[in-house]
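Okay, structure first, notes after.
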Amino acid sequence: MGGFDLAYLTAALPLLWEGMQVTLLLTLFGVVGGLALGAMLAVLRLSRARLLATAAAGYVTFFRSIPILLGIFWFYFLVPIWLGHSIDGFYAALVGFVLFEAAYFCEIIRAGIQSVRRGQILAGLASGLSYRQTMRAIVLPQALRNMLPVLLTQSINLFKGTSLVYIVGVRDFLTAADVIGARDNRIVEMYGIAALVYFVICFAASLLARRLQRRYAI
Amino acid sequence: MIEIEHLSKWYGDFRVLTDCTTTVAQGEVIVVCGPSGSRKSTLIKCVNGLEPFEEGRIAVESISVGDRKTDLPKLRARIGMVFQNFELYPHMSVTENICLAQIKVLKRGKAEAVARARALLERVGLIDHAEKYPGNLSGGQQQRVAIARALAMDPIAMLFDEPTSALDPEMINEVLDVMVGLAEEGMTMIVVTHEMGFARKVADRVVFMDEGRIVEDAPTDVFFAAPRSERARLFLSKILQH
């Protein structure tokens, strides 16, 4: 296998970068979609309408109790049977990520909102603010600060978790590294590089999370 | 100015307030006291509608608090409230705390709101802390900011919910001094407190509560000299012993 070949790596870079773009896109859409759906679920979970709250709680429990890979299988293998046509692996996985992440984000957002003392709401209402104004000016800014580190951690988890698309043949970063390594018989180097890249990105992101936490902690 | 008539409140089947009746005239200072769990806080939170009630009537300047048609935010904006745990907004500076409702509710301009905030901070002796965050202030300082925040709305009355019971002893007086000043200026006040020295000094009447009932409602000197009820006597003997 010889020494580490810089020239070889340079040649592999474009393919790796293509894979990384897919990974980043999956992460970005997964986080944005998961946050949007999760926020809606959190609002339902905290609402006084018991039926809605129970339904949202059921959703969360259900998706948290199932491996995400199984979810991807559904959308990749089962849903196409009902639909009558195949679904691109990228979209099948993305739908899975959004639906599953939403369950986690819902709980993070709910915990964030509930971490704000009830007295803060009373103080806002007592000063003449409407409930909506109180939520927007007093509760949500504090909730967001409290949940920021956990949101980032969960996003980092998803970043790593997107590598599951390997199973459905989507060429993400890890898949790209694997394909190149197998093609050129450079598995050790490619797996090493993949690990290094994941580590650097995740470590940097977790440092950022810690800094944000310190900066915005109240 | 504030009339509470035959007020009763339940949590489910559990009755927490029973037939409470009292009135507060303009400029009057009422101290509400009683053993813990006597629902003093619950009673004053009914006055600005923070706690709903099922029976009876509360009117503030003839506006019914329990009426569904009443614009509660508008009513609350005219009644200042100070909480046991201060409840300053931790993500805002002292000045921002005092400006928030002025701007959002009273629609004052930013410059006007800040000017009002600074005048009030001057008054409570905290102008040097205007740009600090609540977390960097002592409890006594936070409570004085909370009083300034309530006063910034130019309230017609002030509700104090155990304003000194979360404070270290050496900080109690700095808060009571501000409250005494307010009382002497003629502010209408309902104060839930165990500070009997404060009650003797500025209260016009003392309302004594036990188990959700108003047991005694008497002029201050009468209450301290000769409480009518056995429970009030027992309460006073316990807290005035030392």
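What are the pairs with Cβ atoms under 6 angstrom where one residue, in region B:73-92, is touching a residue at least 12 places away in the same chain (Cβ under 8 Å) and the other, located anywhere, is buried (at least 23 other Cβ atoms within 10 Å of the Cβ) and aromatic (Phe, Trp, Tyr)? Sequence gap at least six, or different chains.
Short answer, once both residue conditions are applied: B:Val82/B:Phe160.
Report whether or not B:Asn173 is within 12 Å of chain A (Cβ to nearest Cβ) and either at negative phi or open to solvent by less than 10 Å² (accessible area, probe 1.4 Å) (or both).
no
Quick test for you: out of B:Met92, B:Met158, B:Met153, pick the one residue that is more than 28 Å from B:Gly27 (Cβ to Cβ), within 14 Å of another protein chain (Cβ to nearest Cβ) and not polar (S, T, N, Q).
B:Met92
Are any residues in region B:110-124 under 14 Å from B:Ala146 (Cβ atoms) and assigned to a helix (DSSP H, G or I), and if so, which ones?
Residues satisfying the conditions are B:Ala117, B:Leu120, B:Leu121, B:Arg123.
Of all residues in region B:53-102 being in a loop (DSSP other than H, G, I, E, B), open to solvent by 40 Å² or more (accessible area, probe 1.4 Å) and of a type in the set (Gly, Ala, Ser), which is nearest to B:Ala117 (Cα to Cα)?
Of everything passing the filter in region B:53-102, B:Ser62 is nearest to B:Ala117 (Cα to Cα).
Scanning for something under 21 Å from A:Phe29 (Cβ atoms) and of a type in the set (Phe, Trp, Tyr), does region A:146-166 turn up at least one residue?
Yes: region A:146-166 contains one or more residues that are under 21 Å from A:Phe29 (Cβ atoms) and of a type in the set (Phe, Trp, Tyr).
List every residue pair whose Cβ atoms sit under 9 Å apart, with the two residues 6 or more apart in sequence or on different chains, where the first one lies in region A:124-148 and is in contact (Cβ under 8 Å) with a residue 40 or more places away in the chain and at the interface with chain B (Cβ under 7 Å from one of its Cβ atoms) and the second, anywhere, is open to solvent by less than 40 Å² (accessible area, probe 1.4 Å) and polar (S, T, N, Q).
Final answer for the pair search is A:Gln142/A:Gln120.
Do you know which of the residues in region A:142-162 that are among the polar types (S, T, N, Q) and within 30 Å of A:Phe90 (Cβ to Cβ) is surrounded by the most Cβ atoms within 10 Å (Cβ to Cβ)?
A:Thr162
Can you name the residue in region A:173-217 that is open to solvent by less than 60 Å² (accessible area, probe 1.4 Å) and touching a Lys or Arg at 6+ places or on another chain (Cβ under 8 Å) and is also farthest from A:Gly161 (Cα to Cα) among such residues?
If we take residues in region A:173-217 being open to solvent by less than 60 Å² (accessible area, probe 1.4 Å) and touching a Lys or Arg at 6+ places or on another chain (Cβ under 8 Å), then A:Ile180 is farthest from A:Gly161 (Cα to Cα).
Under the condition of being charged (D, E, K, R), under 17 Å from A:Gly128 (Cα atoms) and surrounded by 13 or more Cβ atoms within 10 Å (Cβ to Cβ), which residue from region B:103-125 is farthest from the chain's Cα centre (by Cα)?
The qualifying residue farthest from the chain's Cα centre (by Cα) is B:Arg108.
Condition (residue is farther than 23 Å from B:Thr188 by Cα and facing chain A (nearest Cβ under 8 Å)) applied to region B:57-73: is it met by at least one residue?
Among the residues of region B:57-73, not one is farther than 23 Å from B:Thr188 by Cα and facing chain A (nearest Cβ under 8 Å), which makes the answer no.
Looking at (1) within 10 Å of chain A (Cβ to nearest Cβ); (2) in contact with a helix residue (DSSP H, G or I) (Cβ under 8 Å, 6 or more places away or on another chain), find the lone condition where B:Arg78 falls short.
If we test B:Arg78 against (1) within 10 Å of chain A (Cβ to nearest Cβ); (2) in contact with a helix residue (DSSP H, G or I) (Cβ under 8 Å, 6 or more places away or on another chain), just (2) comes out false.
Across region B:126-135, which residue is least open to solvent (accessible area, probe 1.4 Å) among those that are over 18 Å from B:Ile172 (Cα atoms) and among the aliphatic types (A, V, I, L, M)?
B:Ala130
For region A:84-141, give me every one of the helices (runs of 4 or more DSSP H) that falls completely inside it and has 3 or more residues that are over 25 Å from the mean Cα position of the chain (by Cα) and buried (at least 18 other Cβ atoms within 10 Å of the Cβ).
A:118-126
The rows are residues; the columns are (1) among the charged types (D, E, K, R); (2) within 30 Å of B:Ala157 (Cβ to Cβ); (3) out of contact with any Lys or Arg (no Cβ under 6 Å at 6 or more places or on another chain).
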| site | (1), (2), (3) |
| --- | --- |
| A:Gly96 | no, no, yes |
| A:Ile109 | no, no, yes |
| A:Arg117 | yes, yes, yes |
| A:Leu122 | no, yes, yes |
| A:Ile138 | no, yes, yes |
| A:Arg145 | yes, no, yes |
| A:Leu152 | no, no, yes |
| A:Phe159 | no, no, yes |
| A:Val165 | no, no, yes |
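Give all pairs with beta carbons closer than 8 Å in which a residue from region A:189-218 that is within 14 Å of another protein chain (Cβ to nearest Cβ) meets a residue that is exposed (fewer than 15 other Cβ atoms within 10 Å of the Cβ) and of a type outside the set (Phe, Trp, Tyr); count only pairs at least 6 apart in sequence or on separate chains.
A:Ile218/B:Gly135
For every residue, the table says whether it meets (1) under 27 Å from B:Ser8 (Cβ atoms); (2) among the basic types (Lys, Arg); (3) open to solvent by less than 20 Å² (accessible area, probe 1.4 Å).
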| residue | (1), (2), (3) |
| --- | --- |
| B:Leu137 | no, no, yes |
| B:Ala146 | no, no, yes |
| B:Leu159 | yes, no, yes |
| B:Thr188 | yes, no, yes |
| B:His194 | yes, no, no |
| B:Arg205 | yes, yes, no |
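Which members of region A:1-59 meet the condition of being crowded, with 18+ Cβ neighbours inside 10 Å and among the hydroxyl-bearing types (Ser, Thr, Tyr)?
A:Thr23, A:Thr27, A:Tyr59
If I ask for residues that are within 13 Å of chain A (Cβ to nearest Cβ) and either without any contact (Cβ under 8 Å) to a residue 40 or more places away in the chain or part of a strand (DSSP E or B) (or both), which ones from region B:36-52 would you list?
B:Gly49, B:Leu50
The values are calculated or read from the model by the stated rules, or taken from the named source; none is laboratory data. The structure displayed is predicted, hence computed values, not measured ones. Cβ sites come from the backbone with ideal geometry, for glycine too, and all protein chains shown count toward neighbours. Heads up: the accessible areas ignore ligands, DNA and RNA and are worked out on the full protein's heavy atoms, side chains in. Shrake-Rupley method; radii C 1.70, N 1.55, O 1.52, S 1.80 Å.
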